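The structure under discussion appears below in the form of structure tokens.
Throughout, read-outs are computed from the coordinates displayed, never taken from laboratory work. The model shown is predicted, which means the values in this text are computed figures rather than measured ones. Methodologically, a virtual Cβ is constructed for each residue, glycine included, from the backbone with ideal geometry; neighbour enumeration extends over all protein chains shown.
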Amino acid sequence: MIEHTAQARQRRAEQEAARQGARSALVRIVLGVLTTLVSINIWTGGPLLALWVGSRVQASIGALSMSAIAATIAVLIVVTYVLYKILAWLHVRYNDAIGRKMPRQQLAWLKPMSGERRSVEVRRPLNGVERIVVVSVVVAVLAFEIWFFFFAHYTLAS
């Protein structure tokens with residue numbers, strides 16, 4: 001009888017672990033998708049929203065106003081900052097989902113000057129969120145370069 005209850009407890013524990021594993025995988029996938037959307041919108045959605053707001057502020061066709069330029073820059077700064085904060089929040093959540101403990105960060109000017117070097121610290125591999133952001137940056141730079149050199153219809157010489 002004791003063996004029977006121990007086996008039942010073992011089976012329940014295995015079933016719970018399988019459910020937690022599936023839930024963890026789903027959470028990681030959702031966080032990865034959200035990270036992809038946010039990192040792409042840092043490069044595309046934010047600037048397009050800023051340009052749209054600037055075009056709405058522009059009063060007339062023809063002369064460009066300083067208020068339209070200021071509105072465009074202000075919206076771009078705010079949207080980029082908000083998306084950056086969302087990306088940082090997603091990164092923390094992803095680290096929680098995979099069980100990674102982040103070391104406490106210390107500001108550079110508060111570190112001791114006793115000759116300690118970063119090379120002594122253990123290097124950790126990139127996680128999924130960090131890889132998504134790196135790929136997003138590389139794709140954005142490559143897309144800009146392709147557009148600039150092949151599709152922008154003006155000459156570099158004046």
| field | For segment 36-48, 3J(HN,Hα) per residue [Karplus equation, 6.51 cos²θ - 1.76 cosθ + 1.60, θ = phi - 60°, Hz, x = Gly/Pro] | value | 4, 4, 5, 5, 5, 6, 4, 8, 10, x, x, x, 5
| note | For the pair Ile29 and Val57, the simple spin-label estimate (label points 7 Å beyond Cα toward Cβ) gives in nm 4.2 nm
| task | Just grab the label-to-label distance for Phe144 and Thr80, each label 7 Å out from Cα along the Cβ direction, in nm (one decimal). | result | 0.9 nm
| request: Going by C-beta contacts inside 10 Å, put Ser39, Ser136, Ser65 in order with the fewest on the left. | output: Ser65, Ser136, Ser39
| Calculated from backbone phi, Karplus (6.51, -1.76, 1.60) coupling profile of segment 67-77 in Hz, x at Gly/Pro | 5, 5, 5, 5, 5, 4, 5, 5, 5, 4, 5
| What order do you get for Phe150, Phe144 when you list them from fewest to most C-beta neighbours inside 10 Å? | Phe150, Phe144
| said: Under the rule a/c < 1.5 gives rounded, and otherwise a/b versus b/c splits prolate from oblate, where does segment 29-110 land using the Cα gyration tensor? | reply: oblate
